[in-house]
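A short write-up of the structure that comes next.
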Amino acid sequence: MALAVTLIVLALGSVLFHFLSPWYFTPIASNWHAIDTTIAITFWVTGFVFVAVSLFMAWSLIQYRARPGGRAAYQPENKKLEGWLLVVTAVGVAAMLAPGLYVWADVVQAPQDAQAVEVVAQQWNWAYRLPGKDGKLGTVNSRYVTDDNPFGMNPADPNGADDVLLATPELHVPLGKPVKLLLRSKDVLHDFAVAEIRVKMDMVPGLVTYVWFTPTKAGTYDILCEELCGVGHYAMRGKMVVDEPAAYSAWLDKQPTYASLRTHVAGDAAVGKTLYATCAACHGAGGEGNVALNAPKLSGQGAWYLERQLQHFKAGMRGTQDKDTFGKMMAPMAATLPDDTAIANVVAYIATLPDTPVAPTLKGDIASGARQFATCAACHGANGAGIAATHAPRLHGMSDWYMARQLKNFRDGVRGAHPQDPYGNQMALVAGMLNDDADIGNVLAYINSR
Ligand code: CUA
């Protein structure tokens, strides 16, 4: 009897949970209502069978319970019952699968006028490429992939010159226009998914897979990788912003093309030298850093990284958190640089400074640190030399005490919490893997040993 009651409670409880629980699909923001319908049909069919079978088992337990003098009747064959079960099961399975086939036919048939957008996945980053005014994407090949050409663009292909290259996890798409995403991976299996658009697709190295949708609601949606692609899988996140057409055009006009990136002129080091006088007070005339003044080493660091950090300090994305004592000292200094040109100039000057080695200040368990560093290496490089394509700065040969503080800041939510800072957000997620200060010391001891 207890078992029968448990079965009834389980069946009815599951149904109540399904209808009353606050956890269900996120509100849909695309044309794919048909996907929701097919899932609802599956819920109805499986839900009906689950309740019917559970209640039938409970009823049988009560009806045919052991009674004094009772005897079980053995009935190995029942043609009539088997016939019914066959028909009902076939109808149930067909009801679940047939609508899916119709919807799938639409999923694989992108409209002719769909705007092509290429999505490039790499452990654990998203990047995007849009065709330029010619409407054609240039050819790519993994043979062309270098630090300066992370998309693997074919330099000889004229179609590629006006391609818009977005080396950021944030993609914008226009509202109400069909989009066809061409998905490729540079390393392992990934999976592109946005819950609100209801379609997702695996990304396979060596193949271009695709998926299409029409955004129907403006807003910002999370892009998740939904294929376990390594220890940093959970931190492989991006954003898809659905813009009104006017806002989309304004955004698109500001994005760099392959041609503009190739002809990008570095800042003027001579002008930057004057600006650097302010920085030199703390960071040293040679950019060698000064631990007593809490100013990290700058020389030898990637120009792209220094530029981004100065922009973040200026924009209030760094150095505004209450507990970030030294960041708050840096923010007003960055504010003295009036614009992006000034930032480029001062960074150009720093690039001319000799890369003076710094003495390690931290000790730790190198072997233990080596194991932890395997995760860092995916983005920062095997020797911590930094990789621009994965937005990961140089670690080796830089101020270890500074990196220790930053790892703690990332871990404690002091740095990397700003919603506009996707790289900081990612680093905050990954820093959580270092359990305590000893782990941080070990990783840095390993970096020092390289
Ligand atoms: Cu990429 Cu998981």
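The values are calculated or read from the model by the stated rules, or taken from the named source; none is laboratory data. Quantities reported herein were computed from a predicted structural model and do not represent experimental measurements. Here Cβ is always computed from backbone atoms with ideal geometry, including for glycine, and neighbour counts include all displayed protein chains. Surface areas here come from the heavy atoms of the whole protein model, side chains and all, with no ligands, DNA or RNA. Shrake-Rupley method; radii C 1.70, N 1.55, O 1.52, S 1.80 Å.
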Residue hits (region 111-132; over 22 Å from the mean Cα position of the chain (by Cα) and without any contact (Cβ under 8 Å) to a residue 40 or more places away in the chain) are Gln112, Pro131
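Among the strands (runs of 3 or more DSSP E) lying completely within region 181-286, list those that include at least 1 residues that are on the phi > 0 side of the Ramachandran plot. Don't jump to the end; show me each part of the working.
On the way: elements: 190-193, 200-203, 209-213, 219-225, 237-243.
By residue number, 219-225.
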Given the conditions (1) more than 30 Å from Asp106 (Cβ to Cβ); (2) of a type in the set (A, V, I, L, M, F, W, C); (3) within 16 Å of the ligand (Cβ to nearest atom), every one holds for Leu183 apart from (1)
Picking from Thr38, Thr26, the residue that is in contact with a helix residue (DSSP H, G or I) (Cβ under 9 Å, 6 or more places away or on another chain), in contact (Cβ under 8 Å) with a residue 60 or more places away in the chain and under 25 Å from Thr89 (Cβ atoms) would be Thr38
Check your understanding: Looking at region 227-240, is at least one residue near the ligand (Cβ under 10 Å from one of its atoms), basic (Lys, Arg) and touching a helix residue (DSSP H, G or I) at 6+ places or on another chain (Cβ under 9 Å)?
Key -> yes
Note on region 206-263: residues β-branched (Val, Ile, Thr) and touching a strand residue (DSSP E or B) at 6+ places or on another chain (Cβ under 7 Å) are Val208, Thr209, Val211, Thr214, Thr216, Thr220, Ile223, Val241, Val242, Thr257
Of the residues in region 119-149, those that are part of a strand (DSSP E or B), within 16 Å of the ligand (Cβ to nearest atom) and either touching a strand residue (DSSP E or B) at 6+ places or on another chain (Cβ under 8 Å) or aliphatic (A, V, I, L, M) (or both) number 7
For region 142-153 the number of residues that are farther than 28 Å from Tyr234 by Cα and surrounded by fewer than 21 Cβ atoms within 10 Å (Cβ to Cβ) is 2
Considering region 154-180, residues that are open to solvent by 40 Å² or more (accessible area, probe 1.4 Å) and small (Gly, Ala, Ser), and then whichever is nearest to the ligand (Cβ to nearest atom), we arrive at Ala167
